[in-house]
Each structure stands twice: as structure tokens, then as C-alpha cells.
1. In this structure, does L107 turn out to be open to solvent by less than 40 Å² (accessible area, probe 1.4 Å), more than 19 Å from A40 (Cβ to Cβ) and in a helix (DSSP H, G or I)?
2. Name the residue that is most open to solvent (accessible area, probe 1.4 Å), counting only residues in segment 212-255 that are within 19 Å of the chain's Cα centre (by Cα) and of a type in the set (G, A, S).
3. Are any residues in segment 54-93 within 16 Å of the ligand (Cβ to nearest atom) and part of a strand (DSSP E or B), and if so, which ones?
4. Among the residues of segment 25-38, is there at least one that is within 15 Å of T52 (Cα to Cα) and of a type in the set (D, E, K, R)?
5. Based on what the data block shows, is V353 assigned to a helix (DSSP H, G or I) and more than 27 Å from V426 (Cα to Cα)?
6. What residue, among those in segment 94-104 that are small (G, A, S) and in a helix (DSSP H, G or I), is nearest to E65 (Cα to Cα)?
7. Give all pairs with beta carbons closer than 6 Å in which a residue from segment 262-286 that is open to solvent by less than 50 Å² (accessible area, probe 1.4 Å) meets a residue that is among the aromatic types (F, W, Y); count only pairs at least 6 apart in sequence or on separate chains.
8. Show the residue pairs that are 6+ apart or on different chains and have beta-carbon atoms under 9 Å apart, the first residue being within segment 64-83 and farther than 20 Å from I124 by Cα, the second being more than 6 Å from the ligand (Cβ to nearest atom) and hydroxyl-bearing (S, T, Y).
Amino acid sequence: MAYLALYRAWRPQRFKEVVGQEKTVTALRNAIKEGRLTHAYLFSGPRGTGKTSIAKIIAKAVNCENIGEGEPCNVCSSCIDINNGNFMDVIEIDAASNRGIDEIRDLREKVRVLPAQGKKKVYIIDEVHMLTTEAFNALLKTLEEPPDSVIFILATTESQKIPDTIRSRCQSYNFRRLTGPEILERLQQVATSDNIELDKEAGQLIARRANGGLRDALSTLDQIYSYKGKTIKKEDVLDVLGLVDELFLARLLEKILGQDTAGIIEMLSTALGEGKEAQQLARETALYLRDLLLYMVMGDETEFLVVTAAAKPLLEEQKSKIDRNQLLQALRLMMDTADKLRISEGNRFILEVAFLQMAQIFSSETPVVQPTRQEARTTRVQAGSKRKPDAREVLWNHLLAGVKEKKIPTHALLSQGKLLGARDDVLYIGYKKGYRFHKERMEEKDNRELVEAVARDILKRNVEIEFVFLDDEQYNDI
Ligand SMILES: [Zn+2]
């Protein structure tokens, strides 16, 4: 099924079609009505919030042949040419693509030439923070003495990178992220007119994931439509975006809070088996924890990213069981884990161990307080004091406990070693040079198989164990 290119089709053509940004729209429209437009504007704000759309509307309004109430007519030849990108006096420069060196040089040469086709030349420079210093300097020279017939509209997602010398010569407008309901309303409007049956929960889910950007929301709708067709339900959104159902996440957190190690590993295994990506799982878990944290702090005022009505009772219940500091710590852990998984994609161990580690965080009776950097520098962590459990340590402790239950002598041999890490389906356990005896005993079939069986119990799949000497350096950073 083909894409509908909803974003392009639904790009606002006049001020009254812009979603959100009411103050900016009113101010600009009044300035046009009263002929008070200035020479340079700086639009800053997140992606997909309407910066270049509004820039285009201004370009049309100043060149339109039948402007009315500050709105372009969209039917005169100027408006039509601008809409089609064929108008010589509206020049769009994307600073992100080649950092603008040639374009700005060209701009300096041509900026004083009168408009060829319309009344005003409009330069729209997108992602202007990407310009090189040279290009910025050239632009600054032009902004210092702007010709009457030129309007500059600079757009950026990172306004802090714009030099003050440039900023002070522009009138600035901040574009805000759109709210969930604003995006949802537009999604439903688009769906209705394109004969797409968009379930309300599906729409909410898309709106939440767009993080305030309408463009992203519309491309997501487009993407889901191209896979699933004209009827879109919540499951379709979850499926196409590879998202994890929030009820699944709520149940997973139940297992974590209940210290149900086997249950945790089993649920992860199910999700991975259904084709979810490890990184996505970590990300979704982080978002769920974030929702929970916001809910604890703000109650019903919260705009959820993940949780829909169905999972709210669970959230309410979990709220009362959880310590806020532990939750923060778990959230940080999951965000770090998602980062790690982006680099070493598909490493299941990283995911599994992170979840075991999270269970450990929630198991401590008093919240674990991490030392600040200052404290960490000046004081040693005292023996026996609580600290954040290390990921390997968590898995190692589970392994040791499992082996101890089955065979004390093997446990005695194993406990002199150290879990170095994992690669593919192999766990590496290291011994110091003086422990050759221990290492060799552990390499014997019975002992090795016992540890492998315990590891299989914990991780719910086959793993191999390899014993190495600790100063075999290549194993030290697995
Ligand atoms: Zn017009």
C-alpha cells in the first residue's frame, strides 16, 4: 500500500490552519495586516512544530496579489508558484545539508538585486545553527544593512547555538511543542478526510509518541496506514512501531517488584521471541517508569507517554509500593541500558542482566543513595554500606546461589572466580593465576554442566561457560 504523504498534503497553507502556536500566529498575522513586518525573524523550537510552514505562509502573504486579513489567497499566481516551489524570490536554504557556504556567498551577491517576480525576496534558512562561522559572518554583514525588499526567516531547533550578534538583529519567536490533544485532534481530522478509521486509543498512542511534533505524528500515521490499511487500531500502532503493550510492562514491573527472577526472564524471553528488539524493550520500560514517576509526582495532571486508560489501575497500585528514589535509579538504569543496546545491538545479556539489576534496586529496604561525584572522590565506599549493585555482580550472585543449592563443593570452587561478562551465548568466568587448581576442576564435565544448568535456569536458554585466567587481557572488557 502506498504512502499518502500526509505531512505534505496537510501542511498548513494559511495562518488559520496552523495547529497551536496561537500567539506567534496572531502576532505575525497582525504585523502583515498592518504592514509592520521587520527584516529578520528567528524561529526556534522542536522539529515538526510549524516553523518552516509559517515561514512559507509569510512568504506568500508578502507576495500575494489579493491579500485579505493578513492571509495569503493561495489562488493567485504568486501563491501558486510559492506553493509549488517555483517562485524565484522565495529562496530556501537548508543549512544542515552543506552548511550553507555556497548559498550564503550567493546570497551576499544577489541580496541587493531587486525581486524578479514578486514584491519581496524571502530567504528561509532552515537549521540555521548549522552554518559555518564564515557563513554566519557573511549573513551577519547582510543583516546589518538589510535591503528594503528582503525578509530573512531563520529557523532552528537549537537556538542556543545562534550567535548573539545574529540573534540581536532578529525578532524572535519560540515555537512550543504541541500538546497530545492538539496532535490527536489534527490526526483525527486528517484520518476522517482521508477515509482512515483511526481508533481513539491508536490516535492517542501516536500523539504521545510524537513528542510534540506534528510532522512526526503524521508520518507515523502514514507509515501505519501503509502497512495496515484504512482501519487502524491500537494493536496496529504497537505492532508497526515495535512498541510493547503497556499492560505487558505493568506486569513485568510486578515481577520485578516481587523479585520473581524466573518470571522476569520468562517475560523478556517471550517478548524477544515475538520479535521485539532488546533496545526497544529497554526504551519502553524506561518510558513506563517515567510515566509512573510523573504519576507519583503529579497525579492525574500527567500526560502519559505509554500508559493508556487500561493500565491506569495498575499504575495506581504500583505507585503505593514504590520508593521514588529507587524508581529514579531504575529509570536511569533503563535509559543507560537502552543506550548500551544501541551500540551493541541484540545483546540479550545486557537486557537480562539490567532487569535482574533493577529487581535488586527495588529489593533494598532503604533507598540506595548514590554518592555525588564530590563524595565519591573524597570518601571511599565503606564495606557493607549500600551501593548500586553492578550488573555482572547481580548475575554472578544468582549463579553462585543457584550452584550452592545444588552442590556445595562446586560452589566453593566457583566462588573463587569472577564473572567477566558475556558474549553471544557464552559466559566468561575468570580466575587469578594462582587459582589454576580451581579453574581446572571447574572445567571438568560435571562441574561445568552444573553451572551451565544453573545459568540455563536463570536465563531460560542454553548458554556455555568458559573459564579463563584473569590476566588474559582480551577477556577483561567483555
Ligand atoms: Zn495570493
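The values are calculated or read from the model by the stated rules, or taken from the named source; none is laboratory data. Keep in mind the model is a prediction, meaning the values are calculated, not measured. A quick note on method: Cβ atoms are made from the backbone with ideal geometry, for glycine too, and the neighbour counts reach across all protein chains shown. Surface accessibility is based on the protein's heavy atoms, side chains included, excluding ligands, DNA and RNA. Shrake-Rupley method; radii C 1.70, N 1.55, O 1.52, S 1.80 Å.
1. Details: open to solvent by less than 40 Å² (accessible area, probe 1.4 Å): yes; more than 19 Å from A40 (Cβ to Cβ): no; in a helix (DSSP H, G or I): yes.
Considered against the rule, which asks whether it is open to solvent by less than 40 Å² (accessible area, probe 1.4 Å), more than 19 Å from A40 (Cβ to Cβ) and in a helix (DSSP H, G or I), L107 comes out as no.
2. Ranking the candidates gives S219 first.
3. Selection gives G68, E71, V90.
4. In the first step, residues of segment 25-38 are kept if they are within 15 Å of T52 (Cα to Cα); the result is 25, 28.
Add one more test, that the residue is of a type in the set (D, E, K, R), and what stays is none.
No, every residue in segment 25-38 fails to be within 15 Å of T52 (Cα to Cα) and of a type in the set (D, E, K, R).
5. Values: assigned to a helix (DSSP H, G or I): yes; more than 27 Å from V426 (Cα to Cα): no.
Taking the combined requirement at face value, the residue does not satisfy it.
6. Step one: filter segment 94-104 for residues small (G, A, S), giving 95-97, 100.
When the remaining residues are screened for being in a helix (DSSP H, G or I), the result is 95-97.
Working: A95: 30, A96: 33, S97: 33 Å.
Checked segment 94-104; the qualifying residue nearest to E65 (Cα to Cα) is A95.
7. Sorted first by the residue in segment 262-286, then by its partner, the pairs are I264/F355.
8. E65/S77
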